Each structure stands twice: as structure tokens, then as C-alpha cells.
Amino acid sequence: MKTALFLAATLLMAASILLSIVSDMQQSPLAVVKQQQQSSQFLHYVEALDNALCAAMPTNGDVSDRVTLPAWLPQSSGIALRISGDIAYAFRPAVPGLFSQLLQDTENSTHFGLSDPTGITTPTGWQPRPAFIPVGYVVYLRENRC
């Protein structure tokens, strides 16, 4: 009787583990697609910011409403574009996997980083974080010139 109960509990545990693995496998491709979509959207905003800089964009302030996005790309309130002095910034809240996807999509571009309380950490080091960029954001930064 104890053996049968032990065997039943073991089989139930094995079935639970298998179902968990199958569930994880089904969610993983969806998570990857979501990361790719978020990365692509952010990169379109970055491209719009870069294009605006080369078209004599004003030198300071929020420029989110002044860039030209592709017609099919809806405006996102979660992505901000700002110029401060001689540096242009695009930033949005970080979500799991987004930063690594951006680095993969841009071949480890040094223009991308993550904001933390001390600054912005990029693949090549640390940059100062302006007060308008919150902690926990993915940030694109570049000098304000073509």
C-alpha cells in the first residue's frame, strides 16, 4: 500500500514537472517575440531622433512630439525623446530582456545603457544620468550632431 502511494505521488510529481516544462517552452517563444517587438519599436524612435538631430532640431527639451515616426508606428507614451545640451536621449522603462535584445539587434552598440541611481551603465562604461531620466530605464544617448 505504501509503495503504491509512493509510486502514485512520484508519477504525479513527474507529470507536474513535464507540464511545467511544456508550459515554459510555449511561453518562451512568445516572450522572445515580445522582446524583439519592443526592441524594434524603440529602435524606430532612436532612428527618428537621429534623423531629427540632422534636420536642425531645437537644442534643448522634450522632442517626442517633434520627430517623424513611420506612419504605421503608433505614438508611444512610454518612450521619451529629449535633448539636453549637446546630448540627445531616448529612454523607456526597462523590461526583462529588452536591453539584451537591443544589444543583440545593434551588435553591442555603445550608445545604449541602463539607468541606475548612480548613472547610465553602457557596454563601455558609465555616463552621468540627467535628473529627467528615471532609474530603471533603457537609455539611448548620443552627441547632438550629425
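The values are calculated or read from the model by the stated rules, or taken from the named source; none is laboratory data. All of these numbers come straight from a predicted model, not from anything done at the bench. Don't worry about glycine lacking a Cβ; one is built from the backbone with ideal geometry, like all the others, and counts go over all protein chains shown.
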The residue from Leu53, Leu49, Leu43, Leu73 that alone is in contact with a helix residue (DSSP H, G or I) (Cβ under 8 Å, 6 or more places away or on another chain), part of a helix (DSSP H, G or I) and not aromatic (Phe, Trp, Tyr) is Leu43
Scanning region 84-129 for residues that are in contact (Cβ under 8 Å) with a residue 24 or more places away in the chain, acidic (Asp, Glu) and surrounded by fewer than 12 Cβ atoms within 10 Å (Cβ to Cβ) gives Asp86
Quick one: would you say Arg145 is in contact (Cβ under 8 Å) with a residue 60 or more places away in the chain, of a type outside the set (Val, Ile, Thr) and either assigned to a loop (DSSP other than H, G, I, E, B) or touching a Gly at 6+ places or on another chain (Cβ under 8 Å) (or both)?
yes
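When region 56-67 is examined, which residues are found to be touching a helix residue (DSSP H, G or I) at 6+ places or on another chain (Cβ under 8 Å) and closer than 20 Å to His111 by Cβ?
Keep residues of region 56-67 that are touching a helix residue (DSSP H, G or I) at 6+ places or on another chain (Cβ under 8 Å), which gives 57-58, 63, 66-67.
The answer is Met57, Val63, Val67.
With the requirement that a residue be of a type in the set (D, E, K, R) and assigned to a loop (DSSP other than H, G, I, E, B), what does region 89-142 give you?
Residues satisfying the conditions are Glu107, Arg129.
When you check Ala55 against the structure, is it at pLDDT below 90 and not charged (D, E, K, R), yes or no?
Details: at pLDDT below 90: yes; not charged (D, E, K, R): yes.
Answer is yes for this residue.
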Scanning region 60-83 for residues that are β-branched (Val, Ile, Thr) and either touching a residue at least 60 places away in the same chain (Cβ under 8 Å) or loosely packed, with under 12 Cβ neighbours inside 10 Å (or both) gives Thr68, Ile83
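Just to be sure before I move on: is Ser84 farther than 27 Å from Leu30 by Cβ, hydroxyl-bearing (Ser, Thr, Tyr) and within 18 Å of the chain's Cα centre (by Cα) in the structure I sent? Can you show your working first?
On the way: farther than 27 Å from Leu30 by Cβ: yes; hydroxyl-bearing (Ser, Thr, Tyr): yes; within 18 Å of the chain's Cα centre (by Cα): no.
Criteria not met by Ser84.
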In region 67-111, residues that are of a type in the set (Phe, Trp, Tyr) and in contact with a His (Cβ under 9 Å, 6 or more places away or on another chain) total 0
